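Visitor: Quick one: the structure is below, and I'll ask about it shortly.
The values are calculated or read from the model by the stated rules, or taken from the named source; none is laboratory data. Keep in mind the model is a prediction, meaning the values are calculated, not measured. A quick note on method: Cβ atoms are made from the backbone with ideal geometry, for glycine too, and the neighbour counts reach across all protein chains shown. The area values use the complete protein model at the heavy-atom level, side chains included, leaving out ligands, DNA and RNA. Shrake-Rupley method; radii C 1.70, N 1.55, O 1.52, S 1.80 Å.
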Amino acid sequence: MEKKQFKAESKRLLDLMINSIYTHKEIFLREIISNASDAIDKLCYLSLTDDKVGKNRGDFFIEISVDKDKRTITVSDNGIGMDMDELENNLGVIAASGSYQFRKDHGESEDVDIIGQFGVGFYSAFMIADEITVVTKKYGSEQAYRWQSSGADGYTVTECEKADVGTDIIMHVKEDTEDEKYSEYMDNYKLYSLIKKYSDYVRYPIRMLTPVQKEKEGSDPEKPEYEMVDELTTINSMVPLWQRKRSEVTDDEYAKFYQELAHDFEKPQRVITVSVEGSVTYRALMFIPSGKPLNFNTEAFEKGLQLYSAGVMIMDKCDALLPDYLRFVRGVVDSPDLSLNISRELLQHDRQLRVIAKNLEKKILADLEKFMKDDREGYEKFYRNYGRALCYGVAGEGGETRKDELKDLLMFYSSTEKKLTSLREYADRMPESQKCIYYAAGESVALIDALPQTELLKDKNYEVLYLTGEADEFVLQGLQNYADKPFRSIVDGDLELGGEESVSVDEKTELMQFVKETLGDRVKEVKASHRLKTHPACMSAGQGFSFEMEKYFKNFDMPEPVKADRILELNTAHPSVLAMEEALKTDRPRAELYAKILYNQALLIAGLPLDDPGAYTDMIAELMK
């Protein structure tokens, strides 16, 4: 029997197929099962026009068996089978795809839902097998054939006997080495787990002998004895949850599916279903978790949705389907329209994928908008978990293009409402005379509420947004305004309260000049404050970078440190400032001591580090003498 050579450039190409294209050896089972499913699809399609097929959809199956003594794994199907020419063309030519040709011959019909396109999946079996035997009999033929190969050295094809139409793929598993334990693939539980992971939604039953506990025949009914018996069992669930109408699925079914998918003990907070038919056809089932994973804000957290094509999992986490700011969403997407690359493990970044991703983003945002409207308490819980991610949607890359879609989903703590509020709600409560939307940024609500700059606005009962997220201030800068009202920090610049709301103060120009001379380059400016009431001093940053931005950028290795301007504002009516003014007349060193202490107090209130903490304590001690 003459051994034939592969027509596609021998060992180097085959080595590439099995060692470079696939990153995980376990993929082999998915590929072989997918080929079996494709073969059944072809015969199923022919049965629509050929009564002689004699099979209904429920008659088709894929069966997996293991012979540990012979070290073989066999995957059998009762699909269309192959004749001599097809064996030569499909298995004798690496990267030739019978499935692709079948679909091409039938005009890309919607009834032919086949994902095999490149004809290399079969060779992935050589990752775990040192010899593969294919026994096949084509529908309509009386003759069966045996194809056999040990790899790149070639293959043989001989006539053989086979009772039924279909194909058996018999893989002889390699011996174990120090680095690889190939025997694990002959373990029934391992095969079971691989089927559930990659092929659970293949539309035909995948059967395998599995151990089942049964009562021993003839045992005492009152004291029954049990034994483990191998029984042919269907492993896969076949019909994906996302292929069913939402009205046909219970909340418990969705919760169970999510918990298994995300390895989460809690039920999801939201379930989002999508079904689209058109230029790109796909279904999606997505979830918003109830809690935030511990590693959510770390590099270890992986975003992405599971991606399926015709019920076969292609990628466990396809990050191209979600923008970074929606990385908390979990779920699956299934589309027959995706252009797969030759390994099925990676996708070509084509138009279909981009269309699906953009549509999913819109669907998620629309659902969040509905969530906020229908369940305010639930949305606030969601926002405490994932509001930071939405903020990065505005402040991060691409935020300029999506800020209009996100602005009404953002929430901030309100000084008057004492809870989270939206920008729309703030704008609706604004007096007509109010020119700006006021905010203050800090580490916590309590620290912001204690800022001296809040006093004047509190007296006027003006609402202030307290920004405690590290990206919040960047978000408002990105938005620039809301409802044509600009955002204005209460600790920086003019509050624009209007003439009737302004505070008249004695500017005390000579005193301000003295304090500036005393502090030197430590401050950009010293001025009388129009916003302080009971506090003696505060620090503002003027235009540009704020103090919170300065703190944020300290976390990064910047070529030049980011530092906000320091403008010291003094309450000229406060006893401490009056005492400094009085001291300046008779005791200049003591007046300088007052100036330095007020400067350090303003730094502390702003949450900024002191230039010299030891010197500050010495100054306090000196004043206490």
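Visitor: Which of the DSSP-defined H helices in the chain satisfy a minimum axial length of 27 Å, computed from C-alpha atoms, and a minimum mean Kyte-Doolittle hydropathy of -0.5?
Guide: Both cut-offs are met by 27-47.
Visitor: Sticking with this one: Toward the positive end of the charge dipole of the chain, about the Cα centre and with charges on Cβ (Lys, Arg +1; Asp, Glu -1), which of W242, Y426, C318 goes farthest?
Guide: My answer, from the dipole projection, is Y426.
Visitor: Moving on. Mind ordering 452-464, 249-261 by average Cβ neighbours within 10 Å, highest first?
Guide: Going from most to least packed, we get 452-464, 249-261.
Visitor: Would you mind working out the magnitude of the charge dipole of region 282-414 relative to its Cα centre, with +1 at each Lys and Arg C-beta and -1 at each Asp and Glu C-beta, to the nearest 20 Debye?
Guide: 160 debye
Visitor: Compute, for the chain, the length of the dipole vector about the Cα centre, with Cβ point charges of +1 (Lys, Arg) and -1 (Asp, Glu) only. Units Debye, rounded to 20.
Guide: 960 debye
Visitor: In terms of solvent-accessible area of protein heavy atoms at a 1.4 angstrom probe, what is the ranking of E582, E86, E550, E507, highest value first?
Guide: From most exposed to least exposed: E582, E507, E86, E550.
Visitor: Which lysines does K418 reach when only Cα atoms under 23 Å apart count, and residues fewer than 8 places away in its own chain are ignored?
Guide: K373, K381, K407, K435, K458, K460, K485, K533
Visitor: Next up: Which net charge results when you count Lys and Arg as +1 and Asp and Glu as -1 among the other residues whose beta-carbon is under 10 Å from that of W242?
Guide: Cβ neighbours under 10 Å give a net charge of +2.
Visitor: Here is a follow-up. Under 8 Å for C-alpha pairs, at least 6 residues apart: give me the relative contact order for the chain, rounded to a whole percent.
Guide: RCO, the chain: 8 percent.
Visitor: Just want the answer: with Cβ charges of +1 for Lys and Arg and -1 for Asp and Glu, which residue in F412, L46, F287 is farthest toward the dipole's positive end in the chain?
Guide: F412
Visitor: Where does each of S124, S247 land when they are ordered by accessible area, with a 1.4 Å probe and the largest first?
Guide: S247, S124
Visitor: For the residue pair A446 and R57, what label-to-label distance in nm results when each label sits 7 Å from Cα along the Cα-to-beta-carbon direction?
Guide: In this crude label model, A446 to R57 measures out at 6.3 nm.
Visitor: Sticking with this structure for a sec: What is the dipole size for region 490-625, taken about its Cα centre, with +1 at each Lys and Arg Cβ and -1 at each Asp and Glu Cβ, in debye to the nearest 20?
Guide: About 360 debye.
Visitor: I'd like the distance separating the alpha-carbon centroids of region 555-619 and region 528-549, in whole Å.
Guide: What the calculation gives is 12 Å, centre to centre.
Visitor: Given the C-alpha centroids of region 56-75 and region 351-369, what is the distance between them in whole angstrom?
Guide: The distance from the Cα centre of region 56-75 to that of region 351-369 comes to 40 Å.
Visitor: Hey, of (i) 46; (ii) 50; (iii) 31, which did the structure itself give for percent of Cα pairs over 40 Å apart when calculated?
Guide: Here the calculated entry is (ii).
Visitor: Apply 1/(1 + (r/R0)^6) to the Cβ-Cβ distance of K197 and D319, taking R0 = 25 Å, and write down the FRET efficiency to the nearest 0.05.
Guide: Efficiency, from the Cβ-Cβ distance: 0.85.
Visitor: A further question follows. Compute the distance in nm between two label points, each set 7 Å from the Cα along the Cα-to-Cβ direction, one at E380 and one at A427.
Guide: Result: 2.2 nm between the two label points.
Visitor: With the cut-off at 1.5 for a/c, could you classify region 444-573 from its C-alpha gyration tensor as rounded, prolate or oblate?
Guide: Note, shape of region 444-573 comes out oblate.
Visitor: Calculated FRET efficiency, K181 and Q243, Cβ-Cβ r, R0 45 Å, to nearest 0.05?
Guide: Here the calculated transfer efficiency is 0.80.
Visitor: Separate question: Per-residue counts of other Cβ atoms within 10 Å, averaged by peptide: what ranking do you get for 552-559, 475-482, highest first?
Guide: Those peptides, ordered most packed to least, come out 475-482, 552-559.
Visitor: Oh, and also: Can you order the peptides 387-399, 63-75, 225-237 by their average number of other Cβ atoms within 10 Å per residue, highest first?
Guide: Top of the packing list down: 387-399, 63-75, 225-237.
Visitor: Separate question: What FRET efficiency do you get for E582 and Q477 if R0 is 35 Å and r is their Cβ-Cβ distance, rounded to the nearest 0.05?
Guide: 0.25
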